[in-house]
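These notes concern the structure reproduced below.
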Amino acid sequence: MQSAILAGLLGGVACSLIGVFVVTMNLSFIGVAIAHAAFAGALCGAWLGFSPQAGAFVFSLVAVAVIGPLADRGEFNPDTPIGIIFSLTMGLAFLFMGLLPGPKTEALELLWGSILTVSNFDLVLLVIVAVIVLMLVTLFFKEIQAVIFHREAALAVGIPANLIFYSMLFLTGSVITASLRSIGGLLIFNLILNPAAAAYQLTYSLRIMFILSALFGVLSTWLGLLISYLFNTPSGATIVLVSTVIFIIAAAFSPKRKVKKWKNELG
């Protein structure tokens, strides 16, 4: 349980901080494709007999290398090719799952997550990824803020916007890889998206949004873990459901709804 609580803290922080970038840059569909590519890679690793995390990392890097340039081309709508990549990786995931010999226990853990069975290696991986994400967000906050606000303008004033953009996509794949075993391949992107989307409803400040998103991410994992323990439910699914409830509450009490309603009445 101590390992699960620590994994919830690290995974909640890492996923939710990356989620702020995903939400503000409108990269949700791209993130989903990367998440499912990582899931397919993990199952490929399990099938071939090497580390699922290594397989997830390689597949997520390939997805970033393919999807990133598509997202860069402003004159081209990337939804169709990204949808093809998404369906391809899902097909590969279930193919590898079917090819796994014997019981599908490991495959099911990668599918739904099992935070109670995280190993020391999983925790070390989560620590490394969480620290890197936290350091980059802290050290390069102004540059990230400029890229989120207007990427072309950031490039014009000398900020390496393309490097930051691809670094965030790379970190998205890394966070998904590190959290795969604890949350699950089909659910991990919800933990990236929901806390950040909830924080977005409550503030106009990017700095506060990062803080709220991290708090919501940790709250989702810890409260989901508690409910899972009390009612004997799957931990990954419970964590995602809690994060969804937090988003619904944040959306219901969002001050932005009042501003939008006020504008509509005036307009």
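The values are calculated or read from the model by the stated rules, or taken from the named source; none is laboratory data. Remember, predicted model here, so these are calculated numbers, not experimental data. Please note: Cβ atoms are built from the backbone with ideal geometry, for glycine as well, and neighbour counts cover all protein chains shown.
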Task: Of all residues making up segment 115-132, the number that are surrounded by fewer than 21 Cβ atoms within 10 Å (Cβ to Cβ) and either at pLDDT below 80 or in a helix (DSSP H, G or I) (or both) - done: 10
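Within segment 71-81, is there a residue that is of a type in the set (S, T, N, Q) and at pLDDT 80 or above? Please lay out each step first, then the result.
Step one: list which residues in segment 71-81 are of a type in the set (S, T, N, Q), which gives 77, 80.
This time we only want the ones that are at pLDDT 80 or above, so: none.
So far as segment 71-81 goes, no, none of its residues is of a type in the set (S, T, N, Q) and at pLDDT 80 or above.
Looking at residue 208, is it surrounded by fewer than 23 Cβ atoms within 10 Å (Cβ to Cβ) and closer than 14 Å to residue 16 by Cβ? Step through it out loud before you land on a result.
Numbers: surrounded by fewer than 23 Cβ atoms within 10 Å (Cβ to Cβ): yes; closer than 14 Å to residue 16 by Cβ: yes.
Judged against the criteria, residue 208 is a match.
Take segment 98-118 and flag every residue that is in contact (Cβ under 8 Å) with a residue 40 or more places away in the chain, more than 19 Å from the chain's Cα centre (by Cα) and under 25 Å from residue 221 (Cα atoms).
106, 107, 116, 117
So which of 39, 21 ends up being over 23 Å from residue 124 (Cβ atoms), touching a residue at least 40 places away in the same chain (Cβ under 8 Å) and surrounded by 24 or more Cβ atoms within 10 Å (Cβ to Cβ)?
On the way: 39 fails: over 23 Å from residue 124 (Cβ atoms).
None of the other options fit; the residue is 21.
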- [ ] Output yes when any residue across segment 144-163 is under 16 Å from residue 34 (Cβ atoms) and either part of a helix (DSSP H, G or I) or modelled with pLDDT under 90 (or both), and no when none is.
- [x] no
Open item on the list: Out of everything in segment 82-102 that is outside any helix (DSSP H, G or I) and modelled with pLDDT of 80 or more, what residue ends up being surrounded by the fewest Cβ atoms within 10 Å (Cβ to Cβ)?
Closed with: 101
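Right, residue 61: part of a helix (DSSP H, G or I) and either under 17 Å from the mean Cα position of the chain (by Cα) or of a type in the set (Asp, Glu) (or both) or not? Let's see the steps before the verdict.
Details: part of a helix (DSSP H, G or I): yes; either under 17 Å from the mean Cα position of the chain (by Cα) or of a type in the set (Asp, Glu) (or both): yes.
Yes, satisfied.
Do we have residue 141 as exposed (fewer than 14 other Cβ atoms within 10 Å of the Cβ) and modelled with pLDDT of 90 or more here?
Working: exposed (fewer than 14 other Cβ atoms within 10 Å of the Cβ): yes; modelled with pLDDT of 90 or more: yes.
Yes.
Here's the yes/no breakdown for (1) without any contact (Cβ under 8 Å) to a residue 40 or more places away in the chain; (2) more than 18 Å from residue 14 (Cα to Cα); (3) not aliphatic (A, V, I, L, M):
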| site | (1), (2), (3) |
| --- | --- |
| 151 | yes, yes, yes |
| 165 | no, no, yes |
| 171 | no, no, no |
| 182 | no, no, yes |
TODO: Check 31, 68, 12 and return the single one that is in a helix (DSSP H, G or I), under 28 Å from residue 216 (Cβ atoms), in contact with a Leu (Cβ under 6 Å, 6 or more places away or on another chain) and in contact (Cβ under 8 Å) with a residue 24 or more places away in the chain.
DONE: 68
